[in-house]
Structures are given as structure tokens and as C-alpha cells.
Number of protein chains: 2
Amino acid sequence: MSTIGKALALLDTLSRLDKEAGLTDIARLCALDKATARRFLVELEKHGFVEQDPDSRRYRIGSAPVRLARIREARFPFLRIAIPFIKALAESSTETVHLSEFSGGRLSTIHVEDSPRAHRIIVDVGSLLPFHATASGLAFLAFCPQTEIEAALAKNLERFTDSTVTDPQLVRAALDETATRGFSISHQGLETGVISTAAPVRTPSGRPIGCVAIAAPLSRTTKTAIQEFGALAVATANAISEKYYGSERPTGTIPDIRRRD
Amino acid sequence: MSTIGKALALLDTLSRLDKEAGLTDIARLCALDKATARRFLVELEKHGFVEQDPDSRRYRIGSAPVRLARIREARFPFLRIAIPFIKALAESSTETVHLSEFSGGRLSTIHVEDSPRAHRIIVDVGSLLPFHATASGLAFLAFCPQTEIEAALAKNLERFTDSTVTDPQLVRAALDETATRGFSISHQGLETGVISTAAPVRTPSGRPIGCVAIAAPLSRTTKTAIQEFGALAVATANAISEKYYGSERPTGTIPDIRRRD
DNA sequence: AGCTATGGTTCAAATAATGAACCTTAGGCG
DNA sequence: CGCCTAAGGTTCATTATTTGAACCATAGCT
């Protein structure tokens, strides 16, 4: 693996910790030598991607990503555009709705609107969504090219619950169903007692970039409700796709004021 | 220079372009070989830090920084806390107010509130603030340890206008003044016709992390107004410091709900 | 059909990354 | 107090990765 990859993996690991970490811990978590981890941290710190607390000497994510994110969101305002739709869907479905985005080979949760009900599903921003075990993962994969499906299924399919589908052949069947139906259903794939449906947000060329998902307690969710949720997820995902790729043009060039390049 | 440093510099360069860039341009701008630039881009893309447009084959900043930024801002809500103060200052001063943050060895603009007046100073989010030639830079340096001041002054001090102070000895004098006065004044240091004042936002230990600056057209700004702006900048910067380090505790641990680590 | 500019790839040579062992400092404790 | 431990941090010979000139592939243009 390249040095850059290892350093970025370190950054990713650091970002998933819920508090600041010391050098030794970071090295252990990333399976790096202490000296190597330190050199990476120093280098990342030089560029503002990590910060070291001067007192505790522990490390945390720096402010450089904030600057990059502002630039990214200014040109590709995915969150800004999607959030109102996600909010509306959370209200109309009265269940927890979350939005995920494909980035760095994985699907991560980037926004969550909680159900207004007392008994509801909790999803954390930043959490990873395994392709084979979540509605979002299935909805995403189902609309990917066959080669990517096979690449995802070639990996070890981890078991999370008794209901997790870990047989690649059965996952393929679920993907086929999803592709024809337009949305996916995950029946306790990641957490017991939770049923989810999801639909992909796609580029004009059809490539998925993320998913809209509704997660509900299995106990109060009927078969017809699932079908309704699926239809709602599809409608919301399509609305986001349209708004995102319609008004603004992410694929083409941004009309630029400045002439001299 | 380390590979990681070069890759992050590439990312920085890419972020400062106002549109997507091709491989050849990126390689040229970063002074890298085309093959090297390509390997970096592929590696960065794997981790979501850049994206390649499938049609145009051009590269842009990816979505990974957005995720990192959300995590950073959730724990260190600098923007969230500072923006209301910046807004208030823009209203009360009726001039453009901007907020900068030190990151990766440089001071970058992270937020701007425009003056409500027709004739006003425009500052771009993301723009860099040279230490010797801007009010923000001076205010930041003035409260840094002597070693960092000398390190900054040892570099070549670029001339931007006829009024830019490029003599290290004169900059030192300006820094001394700033330290005693509490705020800095830049008289056309970066742009002709612009006068600015700035004050640092500091950690409880006194270390600057960024600056609040007011920028006004020289033509309508009296000596007394400058003093008033300076005092306002100091008050605002201190208020931000207090709120940021008071209520939330960035240095210590975040009280965590989750128990299992 | 040929030209040229750009994206992308290869592989021997050059360089940077690696990690075991080491030093240093800060607490903990008999 | 002085010993012990654990953590952060550093060194330098060994090792593996990075590098870039030259190459190929493709698309748009004349």
C-alpha cells in the first residue's frame, strides 16, 4: 500500500474515534510502527489535517478539511440540497431517514433526521454502511456496473445478525429484485428489530452517488408500509438527483467570472 | 519533502483552482511529474479526497473532507460559534468583517460578512493572509512565541503594494505596537485603498488560533474610526475565545454517551 | 490521413519510508 | 525520595517505495 494511502487511512481511523488519541493508540489502531505513525502525524499536522493538543499531546482532526469541505459544498452542495428533502421525508414517514454518500470506496452516513416518535431507530452520522447488510448498501450496489457488484461480493461478507444474508448468491438475488423494484429492503441485516428501505441518488448517467434510506422498528411496520416507504424513498432520491444535477451542473464547468487562468 | 506532504500540497493546489483541472495542469501547477501526479490522484481518489469526472476526466475535491469537517465542527464548532459574532460586528461597524484560522502553517479566511454599504471591501473565503502584509497576519504573529515570529520574518516578505512593509525590522516594530495595543492595523499592506484592523482569537493559554478583522475603504476611514474598529475587533475576538473555550471544552474530553470503547 | 495535445502506463534507477532499539519525560507508588 | 512503568518521541542502517523519461492510446482538429 502506498504511503499516501496509509496516511489517509490513519486520518480516517482518527476521525472515527470519539475522542482524541495518543500516539501509541493511533499506531496500534492503524497497525503502524510508532515511528511511522509519528511521521505521518507530523506531516498531516503541517498541512492542518490533524492537530496535536499542546497539553495532552493527543491528536485530533485539524481544520484543513473544513476549508476543503466549504469549497466542495460551494460547488457541489449535496448536503445543502438534500437535507430539506430528507427532513420532509422524515416528517411524512414519521420514521428515521438517513442520507449516505459513496466516498473512498465506502458508503458513509452523512445526514440523519430522526423520527419524531419516541420509539425510533438511531443512526449515527459518519457510520459505515456495509453493502450486503444494509438497505442503502443494496440500493447502491444494485445500480452499479456488474464488475463493481462482483468486486463487492468477492470480499468477506460479515455477519451482523442472524438475518444477515452472507451468501453471495442470495445477495445477487436481492440486488436483482432491488434493480427491478427501484428500492431495496433490508430485513434486520445490520441490527435486529430494524427494517429499512433505500433508493439511490444517481447522476444523469445513472451512476449512484449515495442513498436515501428509511429505518423503522420491525414491530410496527407492515408489509404495505414497507412498500410505501420504498416508494417514498425512490421519490425523494429522484427529487434530490434532479435538483442536484438540474439547476447546478456538477458535471460541466462552473460559469466562471474570472478570465485569466 | 515527504510523499504525504506532496500529496496534501496537491490537494491544496486543487482546492485553490476555481474549476476542475486536468492531469497535465495539475502536474505542472504542483511541479510534479505527470506519472507522479496521476498516482497521487488515484490514491487520493481511493480515499474520497478527490473525484474524477467520468466524462471530462478532470479532477476536483472529493467528499471525504466534508465528512471530516462535520466531525471536526461537531467537536470544535469554531465557525458555528464565531459566525454570529462576526455578523454582529459587520452590522455594528458597517464594514466587511472576516474571520481567519491558522491551519497548515498559514492563515486562511474561513468566513466573511460583507459590509451592508455599496462601496465595500470584498474578501474571498479560502484566501490566504500573508503574515507581514495583513492586519490578520500581524495580529496573529504579534501574540505568537518569539521563535515563530522570527521564523515567519526569515522568509521572503513579498511586496503587494507600494505600502507593503517588507523590512523585517519594521514588521517587528509593528508587531510590538500590536502586542501592546491589542490589535493590529494594516495600511494598504495587501491592497491599495484598504485599511484593516484585526485582533486574535486565542486559546486559554494565550496562543492565537485565528483572527477577527475589519476591512474598510481608506477613503472614508478616519483615525478615530480605526481605533474604534480595533477596539471592536478585540472585543469580538475575546468574546469568541471565551465562548469557544468556555462553554464547550475543546482541550478536555467530550462527555461521551457511549461507554464501550 | 496526419498532427498534436492530453490522459494514462512502464520499469530501471533514485530516493524516501521503515522499525527495532534507543532516549526522555511524567506520573504512580512503596 | 527513588524506583518503576508507560507514553511520547528520535535515530539510522536496512528495505521497499517512489520517481520520471520514455512510451502508448485516444480524441479533436486541420
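The values are calculated or read from the model by the stated rules, or taken from the named source; none is laboratory data. These figures come from a predicted structure and were not determined experimentally. Cβ atoms come from the backbone with ideal geometry, glycine included; neighbour counts cover every protein chain shown. These accessible areas exclude ligands, DNA and RNA; they are computed on the full protein's heavy atoms, side chains included. Shrake-Rupley method; radii C 1.70, N 1.55, O 1.52, S 1.80 Å.
Below, the figures for the structure above:
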item	result
Flag for A:Val50 being over 30 Å from A:Ala216 (Cβ atoms) and among the β-branched types (Val, Ile, Thr)	yes
Scan of region A:179-209 for residues that are over 17 Å from A:Ser241 (Cβ atoms) and either over 16 Å from the mean Cα position of the chain (by Cα) or free of Cβ contacts under 8 Å to residues at least 60 places away in the same chain (or both), ordered by number	A:Thr180, A:Arg181, A:Ile185, A:Ser186, A:His187, A:Gln188, A:Gly189, A:Glu191, A:Thr192, A:Gly193, A:Val194, A:Ile195
Selected residue (only one of B:Phe140, B:Phe160 is in contact with a Cys (Cβ under 8 Å, 6 or more places away or on another chain) and either open to solvent by less than 20 Å² (accessible area, probe 1.4 Å) or modelled with pLDDT of 95 or more (or both))	B:Phe140
Residues satisfying the stated conditions in region A:106-121, i.e. in contact with a Leu (Cβ under 6 Å, 6 or more places away or on another chain) and open to solvent by 40 Å² or more (accessible area, probe 1.4 Å)	A:Arg106
Counted residues, region A:6-24 - those being over 22 Å from the mean Cα position of the chain (by Cα) and either among the aromatic types (Phe, Trp, Tyr) or open to solvent by 70 Å² or more (accessible area, probe 1.4 Å) (or both)	1
Yes/no for A:Glu73 being over 20 Å from the mean Cα position of the chain (by Cα) and either open to solvent by 10 Å² or more (accessible area, probe 1.4 Å) or of a type in the set (S, T, N, Q) (or both)	no
Segments classed as strands (runs of 3 or more DSSP E), wholly inside region A:1-108, with at least 1 members that are within 16 Å of DNA strand D (Cβ to nearest atom)	A:50-52, A:59-61
Any pair with Cβ under 9 angstrom, 6 or more apart, that starts in region B:70-94 at a residue that is free of Cβ contacts under 8 Å to residues at least 24 places away in the same chain and ends at one that is among the hydrophobic types (A, V, I, L, M, F, W, C) and open to solvent by 70 Å² or more (accessible area, probe 1.4 Å)	B:Arg70/A:Val125; B:Ile71/A:Val125; B:Ala74/A:Val125
Residue list for region B:37-50, filter: at the interface with chain A (Cβ under 9 Å from one of its Cβ atoms) and of a type in the set (Gly, Ala, Ser)	B:Gly48
Options B:Gln146, B:Gln52; residue that is in the same structural domain as B:Thr13 (by TED's automatic domain parsing) and farther than 16 Å from B:Val234 by Cα	B:Gln52
Lone qualifier among A:Lys34, A:Lys19 - being out of contact with any Phe, Trp or Tyr (no Cβ under 7 Å at 6 or more places or on another chain) and facing chain B (nearest Cβ under 7 Å)	A:Lys19
The listed residue being over 24 Å from A:Arg72 (Cβ atoms) and within 14 Å of chain B (Cβ to nearest Cβ), out of A:Pro145, A:Pro116	A:Pro145
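Here is a yes/no grid of residues against (1) out of contact with any strand residue (DSSP E or B) (no Cβ under 8 Å at 6 or more places or on another chain); (2) open to solvent by 20 Å² or more (accessible area, probe 1.4 Å); (3) in a helix (DSSP H, G or I):
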position	(1), (2), (3)
A:Val123	no, yes, no
A:Cys144	no, no, no
A:Gln169	yes, yes, yes
A:Ala173	yes, yes, yes
A:Thr197	no, no, no
A:Val201	no, no, no
A:Cys211	no, no, no
